[in-house]
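Chemist: Handing you this structure, nothing more for now.
Each reported figure results from applying straightforward, stated rules to the coordinates on display, with no laboratory input. The structure presented is a predicted model; accordingly, all values stated were derived computationally and were not measured. Positions of Cβ are generated from backbone atoms using ideal geometry, with glycine treated the same way; all protein chains shown enter the neighbour counts.
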Amino acid sequence: AQTVTQSQPEMSVQEAETVTLSCTYDTSESNYYLFWYKQPPSRQMILVIRQEAYKQQNATENRFSVNFQKAAKSFSLKISDSQLGDTAMYFCALIQGGSEKLVFGKGTKLTVNP
Amino acid sequence: KAGVTQTPRYLIKTRGQQVTLSCSPISGHRSVSWYQQTPGQGLQFLFEYFSETQRNKGNFPGRFSGRQFSNSRSEMNVSTLELGDSALYLCASSSETPGVTGELFFGEGSRLTVL
């Protein structure tokens, strides 16, 4: 069975600072995708960043980057220059290649303070 | 391009009733997935439909069912509602199998409250 663990239920950061959200996962498959999704208070889940397991290079999307440690099964999200609009629940998720089912972590509530 | 649309956004039912939720995927998307989100259990996979066929189902009782129409719109139904069914129900669409495209697009959800 695949599992995703987020050990930080809540975090806070000051505006313009950098914050890192942690995620570990477990899967026996070699072909999978990892994601970070953001769910603002308005509730719509938005994809922040995606990482293919076969790619060694860490994914980057503007202020968002990941540290993908495949051997350690770790997938952390770094948010640089935090903005008030980054306040949201952040979910780490995994999907096996070719599967229909996304497995989510419990989420980390991030608050960006002015 | 319109996003994933879910209706209704909010609804209140009483125990024993049934409910039907609707999801219109992004135009051209053929895969529709449903997830239940609760504070205690987090996000849990309900089922996935592709071209009117259910391809995968999560660990939920038979009271939870769904279907997909030829235009890719999907509905899910919960019969004999229980208090524990109170949740945010999220629909997500994908152009192909989610594990192939590597991305799901989510709707805003339907908030169900069971009294």
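Chemist: Any chance the stretch A:84-93 includes a residue that's away from every other protein chain (no Cβ under 11 Å), among the hydroxyl-bearing types (Ser, Thr, Tyr) and touching a residue at least 60 places away in the same chain (Cβ under 8 Å)?
Modeler: Looking for residues that are away from every other protein chain (no Cβ under 11 Å), among the hydroxyl-bearing types (Ser, Thr, Tyr) and touching a residue at least 60 places away in the same chain (Cβ under 8 Å), one finds at least one in the stretch A:84-93, hence yes.
Chemist: Report whether or not A:Leu47 is surrounded by 15 or more Cβ atoms within 10 Å (Cβ to Cβ), within 30 Å of B:Leu112 (Cα to Cα) and either in contact with a helix residue (DSSP H, G or I) (Cβ under 8 Å, 6 or more places away or on another chain) or hydrophobic (A, V, I, L, M, F, W, C) (or both).
Modeler: yes
Chemist: Take B:Arg30 and decide whether it is out of contact with any helix residue (DSSP H, G or I) (no Cβ under 6 Å at 6 or more places or on another chain), among the basic types (Lys, Arg) and touching a residue at least 40 places away in the same chain (Cβ under 8 Å).
Modeler: Taking the combined requirement at face value, the residue satisfies it.
Chemist: Scan the stretch A:94-114 residue by residue and report those that are surrounded by fewer than 20 Cβ atoms within 10 Å (Cβ to Cβ) and within 14 Å of chain B (Cβ to nearest Cβ).
Modeler: Within the stretch A:94-114, A:Gly97, A:Gly98, A:Lys106, A:Lys109 qualify.
Chemist: Ok, one more. In the stretch B:17-44, which residue that is over 11 Å from the mean Cα position of the chain (by Cα) and hydroxyl-bearing (Ser, Thr, Tyr) is farthest from A:Thr5 (Cα to Cα)?
Modeler: Step by step, filter the stretch B:17-44, then rank; the result is B:Ser27.
Chemist: Continuing with the same structure: Would you point out which residue out of A:Ser12, A:Ser30, A:Ser42 is among the small types (Gly, Ala, Ser) and part of a strand (DSSP E or B)?
Modeler: That would be A:Ser12, the only listed residue that is among the small types (Gly, Ala, Ser) and part of a strand (DSSP E or B).
Chemist: Give the residues of the stretch B:1-27 that are more than 24 Å from A:Phe104 (Cα to Cα), in contact (Cβ under 8 Å) with a residue 40 or more places away in the chain and either part of a loop (DSSP other than H, G, I, E, B) or within 13 Å of another protein chain (Cβ to nearest Cβ) (or both), sorted by residue number.
Modeler: Matches in the stretch B:1-27: B:Pro8, B:Thr14, B:Arg15, B:Gly16, B:Gln17, B:Gln18.
Chemist: Right, something else. Going by what's in this entry, would A:Gln69 be described as farther than 27 Å from B:Asn56 by Cβ, among the polar types (S, T, N, Q) and either away from chain B (no Cβ under 14 Å) or more than 10 Å from the chain's Cα centre (by Cα) (or both)?
Modeler: yes
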